[in-house]
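Below is one structure; the comments refer to it alone.
Every number in this text was worked out from the coordinates using simple rules, so none of it is lab data. Since the structure is predicted, the reported quantities are computational estimates derived from the model, not experimental observations. Please note: Cβ atoms are built from the backbone with ideal geometry, for glycine as well, and neighbour counts cover all protein chains shown.
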Amino acid sequence: MQPADGTPVANPGWRDVLLGTDPALRKYWRIMRRMPGGPRCHLCSAPFAGVGAPLARLMGSPRWHKNPNYCRRCFAILDKERGGAEVECRMYSWIRLTKP
Ligand SMILES: [Zn+2]
């Protein structure tokens with residue numbers, strides 16, 4: 001349940017999704033990953049083009065028109081199951097120094 005002010009709620013399910021250890025997501029990812037084609041959904045790896053794309057569309061994972069990096073299925077789940085979790089992450093960047 002989400003608070004009235006719109007603040008996301010942390011829960012253990014989101015932690016597993018964000019870390020990539022959720023068993024259901026990993027199972028779906030393995031199925032989608034076997035389908036040939038690319039580019040793929042950044043979350044579930046459903047192919048958007050190539051031989052596997054028609055099957056992915058039949059399974060409810062066409063490319064989402066508002067963000068081409070994700071499928072409609074993933075975004076529907078993200079929109080329905082709002083929440084979050086605190087996870088550790090690292091950021092790397094390259095700093096290029098140039099002479100003036
Ligand atoms: Zn997806």
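Any residue at all in the stretch 56-72 that's touching a Lys or Arg at 6+ places or on another chain (Cβ under 7 Å), more than 10 Å from the ligand (Cβ to nearest atom) and aliphatic (A, V, I, L, M)?
no
Of all residues in the stretch 19-55, which are touching a residue at least 24 places away in the same chain (Cβ under 8 Å), within 17 Å of F75 (Cα to Cα) and out of contact with any Phe, Trp or Tyr (no Cβ under 8 Å at 6 or more places or on another chain)?
Result: M32, A46.
Assuming E86 fulfils every condition listed in (1) surrounded by 11 or more Cβ atoms within 10 Å (Cβ to Cβ); (2) closer than 14 Å to V17 by Cβ apart from one, which condition is it?
In the conditions (1) surrounded by 11 or more Cβ atoms within 10 Å (Cβ to Cβ); (2) closer than 14 Å to V17 by Cβ, E86 misses (1) alone.
For the stretch 19-77, how many residues are charged (D, E, K, R), surrounded by 12 or more Cβ atoms within 10 Å (Cβ to Cβ) and over 26 Å from R90 (Cβ atoms)?
4
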